[in-house]
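This report concerns only the one structure given below.
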Amino acid sequence: MNDCIFCKIIKGDIPSDKVYEDGNFIVIRDISPAYKKHLLIITKKHIASVNDVTENDGELFSSIFSVAKTVAENENFAGTGYRLTVNCGKDAGQLVPHFHMHILAGEPLRNL
Ligand code: 5GP
Ligand code: ZN
């Protein structure tokens, strides 16, 4: 998608603080953290929201929790705990229409 901010980050057209990458996902630090530690797992494939996930995406998503766990270990909060959040659509407050899962740890700083 040409005008999608996360597609531009994936292409490297917009800079980001990337902590992890594999064939299906990148993980970056959120530009406006809602928790002391706030990262985003972003699909490399442009999927607008959970509403746009298809059965064909099953393999893609099969590793998303192990990506979350790996990042939590690398960031040293696997032991203390963390939240994983996916917002879908307007009423959930989804601002960026490209699938992402929030990884949230430490103290809350603002509402998500
Ligand atoms: P949503 O509300 O769509 O679930 O979450 C979007 C998240 O993306 C927000 O927490 C917001 O701070 C973050 N975000 C928006 N634009 C950028 C950006 O250009 N870079 C980074 N790193 N995060 C962004
Ligand atoms: Zn996109």
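The values are calculated or read from the model by the stated rules, or taken from the named source; none is laboratory data. Since we're looking at a predicted model, the values are computed, not measured. Cβ placement follows ideal geometry from the backbone for every residue including glycine, while neighbour counts extend to all protein chains displayed. Remember, those area values only see protein heavy atoms, side chains included, never the ligands or the DNA or RNA. Shrake-Rupley method; radii C 1.70, N 1.55, O 1.52, S 1.80 Å.
Could you tell me how many of the residues in segment 1-28 are open to solvent by 90 Å² or more (accessible area, probe 1.4 Å) and within 19 Å of ASN74 (Cα to Cα)?
Going through segment 1-28 one residue at a time, the tally reaches 2.
Consider only pairs whose beta carbons are under 9 Å apart and that are at least six residues apart or on different chains; among these, list those whose first residue lies in segment 58-69 and is under 18 Å from LYS45 (Cβ atoms) and whose second residue is open to solvent by 20 Å² or more (accessible area, probe 1.4 Å) and among the β-branched types (Val, Ile, Thr).
LEU60/VAL53; PHE61/VAL53
List every residue pair whose Cβ atoms lie under 6 Å apart, where the two residues are 6 or more positions apart in sequence or sit on different chains, the first residue falls within segment 12-32 and is free of Cβ contacts under 8 Å to residues at least 24 places away in the same chain, and the second residue, located anywhere, is surrounded by 15 or more Cβ atoms within 10 Å (Cβ to Cβ) and of a type in the set (S, T, N, Q).
Listed pairs, sorted by first residue: ILE28/SER16.
Being closer than 16 Å to HIS102 by Cβ, touching a Ser or Thr at 6+ places or on another chain (Cβ under 6 Å) and not in a loop (DSSP other than H, G, I, E, B) narrows it down to one residue among ILE28, ILE41; which is it?
ILE28
Kindly indicate whether THR70 is out of contact with any Pro (no Cβ under 9 Å at 6 or more places or on another chain), part of a helix (DSSP H, G or I) and open to solvent by 30 Å² or more (accessible area, probe 1.4 Å).
Against the criterion (out of contact with any Pro (no Cβ under 9 Å at 6 or more places or on another chain), part of a helix (DSSP H, G or I) and open to solvent by 30 Å² or more (accessible area, probe 1.4 Å)), THR70 qualifies.
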